[in-house]
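The values are calculated or read from the model by the stated rules, or taken from the named source; none is laboratory data. Just so it is clear, the model here is predicted, and its values are computed rather than measured. Neighbour counts run over all protein chains shown; Cβ positions are idealised from the backbone, glycine included.
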């Protein structure tokens with residue numbers, strides 16, 4: 001028996017496809033998410049929009065709240081650690097969370113290096129804004145990726161940009177002759193072997209989900225249409241007026257994203273979405289997607 | 001060419017589509033009840049069983065799935081699919097379709113850090129277990145077709161095959177070939 005192989009890690013990411021991973025701040029929200037059909041929950045003390053509002057250093061969650069959620073739901077429980085903070089990651093691994101998100105939503109702990117993720121038994125998901133960043137994270141051992149978008153804004157524009165950038169670059173790679181791939185790897189800042197693999201397969205070697213700014217079923221469906229294999233919803237559910245209905249609607253939209261009639265039915269009568277933020281209102285240092293190297 | 005549907009509501013359906021192509025079937029993504037009856041075979045994939053249950057009921061797929069199983073055409077249920085097909089589900093208790101005379105416990109090997117790869121007893125069939133269920137009871141008319149460390153991990157009852165591991169995620173195609181090839 002071989003435990004925690006890379007295949008087993010990516011296997012869980014495969015099982016999360018076509019589902020919705022919801023940020024939850026307590027046990028009650030975790031139960032609402034599970035009942036609404038979430039395929040996993042992300043346990044964190046403050047959703048991104050609240051982190052933005054409060055400011056200060058955002059750290060990994062209190063183990064007590066993570067354990068309380070693990071005790072109450074049967075679906076996978078994920079948690080976030082700061083970029084480069086491998087000790088927070090070791091603590092989350094000791095808690096046996098099902099996935100660690102090395103996340104730009106928390107305040108980075110290291111300004112140059114991410115965590116070496118192959119050395120952990122627990123799988124990692126990391127954010128990306130372009131293909132080079134995606135392949136660097138896979139090179140470090142990430143078993144799943146998510147485009148970053150701009151968390152806590154309720155604005156999908158950055159998520160769309162990141163999905164288009166990653167998938168546009170994959171399409172470009174598939175058309176390049178083999179002799180150009182090494183220079184392409186240099187330009188991307190990505191491991192050559194992974195660049196060759198993507199050029200041959202026409203897709204990333206691990207699942208890629210979308211995150212950051214998803215507030216409506218239509219936003220989730222848009223991400224799926226742009227090539228995301230699933231979505232993370234952070235502030236969008238529990239900062240809306242009717243989290244239960246909105247959660248269920250986003251779950252349904254991810255399954256039926258190709259069926260506009262069903263989407264129209266799913267999108268009806270959900271109450272108020274979270275308040276959104278215009279990108280022009282954010283200063284450069286308020287953009288979380290810039291975190292990560 | 002056999003047309004085999006994979007219930008594509010959530011989870012690991014894409015890998016089953018590839019496995020079905022590998023054994024010469026025409027794979028079909030199934031999301032609506034009206035697609036089911038025209039199929040020659042059906043796969044209920046892995047994923048989160050709680051999510052699958054909700055979507056099956058919400059979008060009215062249950063009667064079509066029940067009718068398909070009753071029609072004696074081949075059905076493969078892996079991981080979460082096995083949980084849906086079982087007679088009873090524990091840890092925690094949840095509803096199921098009761099097609100297969102087995103009881104299962106969810107996530108019974110532990111959380112993700114305990115997910116593992118191994119081989120079937122007395123065979124080189126690769127077994128990949130991901131937050132896998134365990135077969136706690138196997139009914140008298142159910143044949144055990146693979147074991148790991150003595151305990152059942154794949155079973156067959158007439159047209160129905162249930163596996164607690166993920167044959168679609170390893171290169172060995174024997175499970176899909178035996179049922180749909």
Practice problem: Sort through B:104, B:153, B:138, B:113 and tell me the only one that's free of Cβ contacts under 8 Å to residues at least 12 places away in the same chain and either within 14 Å of chain A (Cβ to nearest Cβ) or more than 15 Å from the chain's Cα centre (by Cα) (or both). | Solution: B:113
Quiz item: Residue check, residue A:285 against (1) modelled with pLDDT under 95; (2) surrounded by 14 or more Cβ atoms within 10 Å (Cβ to Cβ); (3) assigned to a helix (DSSP H, G or I), all met but one. Which one?
Solution: (2)
Exercise. Sort through A:54, A:23, A:62 and tell me the only one that's away from chain B (no Cβ under 11 Å), closer than 21 Å to residue A:228 by Cα and either touching a strand residue (DSSP E or B) at 6+ places or on another chain (Cβ under 6 Å) or free of Cβ contacts under 8 Å to residues at least 40 places away in the same chain (or both).
Key: A:23
Quiz item: Hey, any hits in the stretch A:75-98 for a residue that's touching a helix residue (DSSP H, G or I) at 6+ places or on another chain (Cβ under 8 Å), assigned to a loop (DSSP other than H, G, I, E, B) and more than 14 Å from chain B (Cβ to nearest Cβ)?
Solution: no
Practice problem: Report yes if some residue within the stretch A:35-42 is at pLDDT below 95, within 14 Å of chain B (Cβ to nearest Cβ), assigned to a loop (DSSP other than H, G, I, E, B) and more than 17 Å from the chain's Cα centre (by Cα); otherwise report no. | Solution: no
Practice problem: Would you check if residue B:148 is modelled with pLDDT of 95 or more and in contact with a helix residue (DSSP H, G or I) (Cβ under 8 Å, 6 or more places away or on another chain)? | Solution: no
Exercise. Working carefully through the options A:14, A:28, find the one that is at the interface with another protein chain (Cβ under 8 Å from one of its Cβ atoms) and either closer than 29 Å to residue A:113 by Cβ or part of a helix (DSSP H, G or I) (or both).
Key: A:14
Quiz item: For residue B:136, are the conditions met, namely being under 30 Å from residue A:92 (Cα atoms), at pLDDT 95 or above and buried (at least 17 other Cβ atoms within 10 Å of the Cβ)?
Solution: no
Quiz item: Mind checking whether some residue in the stretch A:160-183 is closer than 14 Å to residue A:288 by Cα and touching a helix residue (DSSP H, G or I) at 6+ places or on another chain (Cβ under 6 Å)?
Solution: no
Quiz item: Considering only the stretch A:247-258, how many residues are part of a loop (DSSP other than H, G, I, E, B) and surrounded by 16 or more Cβ atoms within 10 Å (Cβ to Cβ)?
Solution: 2
Exercise. May I ask you to verify whether residue A:48 is in contact with a strand residue (DSSP E or B) (Cβ under 8 Å, 6 or more places away or on another chain) and more than 7 Å from chain B (Cβ to nearest Cβ)?
Key: yes
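Here's the yes/no breakdown for (1) surrounded by fewer than 21 Cβ atoms within 10 Å (Cβ to Cβ); (2) over 20 Å from residue B:101 (Cβ atoms); (3) free of Cβ contacts under 8 Å to residues at least 60 places away in the same chain:
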residue	(1), (2), (3)
B:124	yes, yes, yes
B:127	no, yes, yes
B:130	no, yes, no
B:157	yes, no, yes
B:172	yes, yes, yes
Practice problem: Please go through the stretch A:199-214 and pick out each residue that is closer than 14 Å to residue A:169 by Cβ and under 20 Å from the mean Cα position of the chain (by Cα). | Solution: A:203, A:204, A:208
Quiz prompt | Single match in A:158, A:116 (criterion: surrounded by fewer than 24 Cβ atoms within 10 Å (Cβ to Cβ) and assigned to a helix (DSSP H, G or I)) | solution = A:158
Practice problem: Would you be able to say whether some residue in the stretch A:200-214 is assigned to a helix (DSSP H, G or I) and surrounded by 18 or more Cβ atoms within 10 Å (Cβ to Cβ)? | Solution: no
